[in-house]
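So the structure is just underneath, and the comments pick up after that.
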Amino acid sequence: MPAGLMERVAPLSIPATADFDRMRADRLARVRANMAASGLDAIVLLGNTNVVYATGATWPLGDPGRANFEQPVAVVLADDEWPHLFTPLADDTGLPADHVHGPVYLDLDEGVRRFESELAALVAPGAKIGVDEWTFAMSRESKLLFPDGRPPSDGGKTVTKAKAIKTPDELSVLREALRITEVGIAAVQAQLAPGVRQMDLTATFLASVFDAGADANTLDPIWQVMPPSMAEGPWTTHGDLACPLLTTERELQRGDVLWVDTSLTYKGFHSDFGRTWIVGQDPSDRQRAQFDTWKAIVDAVLDVTRAGVAQSELLAAARAVVGGETPWMTHFYLGHGLGIDAAEMPYVGSDLGEQFDSSHALEAGMVLVLEPLVWDDGAAGYRAEEVIVITEDGWEPMTDYPYDPF
């Protein structure tokens, strides 16, 4: 890690090995606390990662043509120790047998009608229910699910708020996901040379991370060769850089500026990694200056980062380094959360707008991926990602992978 990135580290206790039973209990306690604050008696969850978070169950990735119809559904009750899970994959859920049920196909009218009877057996009449997602069939049959005519509350918020603050066990698993990713990245970086195809880098990465224990390839690895200038790159509707672009059979050439970005899944947690590499040669003075500016941006942001700080302060710190400009891609963000989603709350500098950042503050236990960039038209640019966890009085790095060749 470059000098300066360790100046605001506050010690945090992260167990070497996660206790998954404790993690499940802690997560459910957070969800129920948010339900109580919202006056909810039950929440129905369809979103995959919401179901994972509330139940602790995971399942293999499926054919996208079928996955939507066969998606697991969870019901969390305010007064039940265990959540209920409706799933076609009932093996090894870790839940009591009487809380695991067959699948409900909520994209189909008959599936909703079946679920109505299942829900009625769990939830008392007049109970206040939250739902995180709707299908068209649920909308058509809403009078069955909610006979009093009242629209359900947004149950997704109760999970989103819970997910934003990581438990020590979650941080332990997340750190392992990051470690596995960097095993693959190190193997790729050792292979980097003129004449190597982008797709060969992908093969090396995937073989390495699955050997190291990864469960799934979440984001196909990006080894994007950046054009020297914006005008030489693909046209975009937003007028900003075209990034990310898919990996191809292109052979790398000496001097190529490579923007690297990838993510995998381990035990239900996503990693994230980003760096800039130069193929076959050392960076020029101009390229080193880009890195120095990127580092100054990150240092400035980290200098104000701690629990209780409004997200807008991070934006102001980043912009102050570059004279008020916005040093991140406008179709992305300065930073985003990381956990059982590859990008989740907090979102810092996103298209949700300045008011959103002004009204949201960082909290201890949040994981934040900072990803500013420095674009130098005519000489491409520099982009990398720094993964940190927020503490009461500062932050702690989640990784220490080097920034070679800079």
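The values are calculated or read from the model by the stated rules, or taken from the named source; none is laboratory data. Please read these numbers as outputs of a predicted model, since none were measured by experiment. Cβ: placed from backbone, ideal geometry, glycine included. Neighbour counts: every protein chain shown.
Having 2 or more residues that are out of contact with any Lys or Arg (no Cβ under 8 Å at 6 or more places or on another chain) is the bar; report the strands (runs of 3 or more DSSP E) wholly within segment 339-406 that clear it.
Ranges flagged: 344-348, 367-370, 381-383, 386-391, 394-397.
Filter segment 128-142 down to residues that are closer than 20 Å to ASP41 by Cα and assigned to a helix (DSSP H, G or I) and give me whichever is farthest from the chain's Cα centre (by Cα).
SER142
Quick check on my filter: what residues within segment 226-243 are within 23 Å of ASP404 (Cβ to Cβ) and crowded, with 18+ Cβ neighbours inside 10 Å?
MET226, CYS243
Quick one: which of PRO96, PRO103 is closer than 28 Å to ALA37 by Cα and of a type outside the set (Lys, Arg)?
One residue alone meets the criteria, PRO96.
Only one of these is modelled with pLDDT under 90 and more than 12 Å from LEU46 (Cβ to Cβ): PRO83, PRO125, PRO96. Name it.
Working: PRO83 fails: modelled with pLDDT under 90; PRO96 fails: modelled with pLDDT under 90.
When all the criteria are applied, what remains is PRO125.
Please enumerate the residues belonging to segment 146-173 that are small (Gly, Ala, Ser) and touching a strand residue (DSSP E or B) at 6+ places or on another chain (Cβ under 6 Å).
Taking segment 146-173 as the starting set, the residues that turn out to be small (Gly, Ala, Ser) are 149, 153, 155-156, 162, 164, 172.
Hits for segment 146-173 are SER153, GLY155, ALA164.
For segment 251-285, how many residues meet the condition of being out of contact with any Pro (no Cβ under 7 Å at 6 or more places or on another chain), surrounded by fewer than 17 Cβ atoms within 10 Å (Cβ to Cβ) and either within 26 Å of HIS331 (Cα to Cα) or of a type in the set (S, T, N, Q) (or both)?
So the answer is 2.
Please list, ordered by first then second residue, the pairs with beta carbon atoms under 9 Å, 6 or more apart or interchain, first in segment 220-239 and in contact (Cβ under 8 Å) with a residue 60 or more places away in the chain, second β-branched (Val, Ile, Thr).
Correct list of pairs: MET226/VAL257; MET226/THR276; PRO227/VAL257; PRO228/VAL257; HIS238/THR330.
Under 30 Å from PRO221 (Cβ atoms) and assigned to a helix (DSSP H, G or I), is that true of ASP98?
Answer is no for this residue.
Table: residues versus (1) hydrophobic (A, V, I, L, M, F, W, C); (2) surrounded by 23 or more Cβ atoms within 10 Å (Cβ to Cβ); (3) out of contact with any Phe, Trp or Tyr (no Cβ under 6 Å at 6 or more places or on another chain).
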{"residue": "GLY323", "(1), (2), (3)": "no, no, yes"}
{"residue": "ASP341", "(1), (2), (3)": "no, no, yes"}
{"residue": "MET345", "(1), (2), (3)": "yes, no, yes"}
{"residue": "GLN355", "(1), (2), (3)": "no, no, yes"}
{"residue": "VAL367", "(1), (2), (3)": "yes, yes, yes"}
{"residue": "ARG383", "(1), (2), (3)": "no, yes, no"}
{"residue": "PRO397", "(1), (2), (3)": "no, no, yes"}
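Determine, yes or no, whether THR237 is in the same structural domain as HIS336 (by TED's automatic domain parsing) and in a loop (DSSP other than H, G, I, E, B).
Judged against the criteria, THR237 is a match.
Identify the single condition in (1) assigned to a loop (DSSP other than H, G, I, E, B); (2) within 20 Å of the chain's Cα centre (by Cα); (3) modelled with pLDDT of 95 or more that GLY274 does not satisfy, given that it satisfies every other one.
(1)
Go through segment 174-198 and give me each residue that's surrounded by fewer than 16 Cβ atoms within 10 Å (Cβ to Cβ) and either touching a strand residue (DSSP E or B) at 6+ places or on another chain (Cβ under 7 Å) or over 17 Å from ARG275 (Cα atoms) (or both).
Result: PRO194, GLY195, ARG197.
Residue by residue, here is whether (1) under 26 Å from LEU352 (Cα atoms); (2) in contact with a strand residue (DSSP E or B) (Cβ under 7 Å, 6 or more places away or on another chain); (3) at pLDDT 95 or above; (4) not acidic (Asp, Glu) holds:
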{"position": "LEU245", "(1), (2), (3), (4)": "yes, yes, no, yes"}
{"position": "THR265", "(1), (2), (3), (4)": "no, yes, no, yes"}
{"position": "ASP292", "(1), (2), (3), (4)": "no, no, yes, no"}
{"position": "ALA307", "(1), (2), (3), (4)": "yes, yes, yes, yes"}
{"position": "VAL322", "(1), (2), (3), (4)": "yes, no, yes, yes"}
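Given the residues PRO151, PRO125, PRO103, which is the only one that is assigned to a loop (DSSP other than H, G, I, E, B) and buried (at least 17 other Cβ atoms within 10 Å of the Cβ)? Outline the logic, then answer.
Working: PRO151 fails: buried (at least 17 other Cβ atoms within 10 Å of the Cβ); PRO125 fails: buried (at least 17 other Cβ atoms within 10 Å of the Cβ).
Criteria check complete, one pass: PRO103.
Run down THR293, THR262, THR276 and say which single residue is in contact (Cβ under 8 Å) with a residue 24 or more places away in the chain and more than 22 Å from LEU192 (Cα to Cα). Show your work before the answer.
Numbers: THR262 fails: more than 22 Å from LEU192 (Cα to Cα); THR276 fails: more than 22 Å from LEU192 (Cα to Cα).
Going through THR293, THR262, THR276 in turn, the sole match is THR293.
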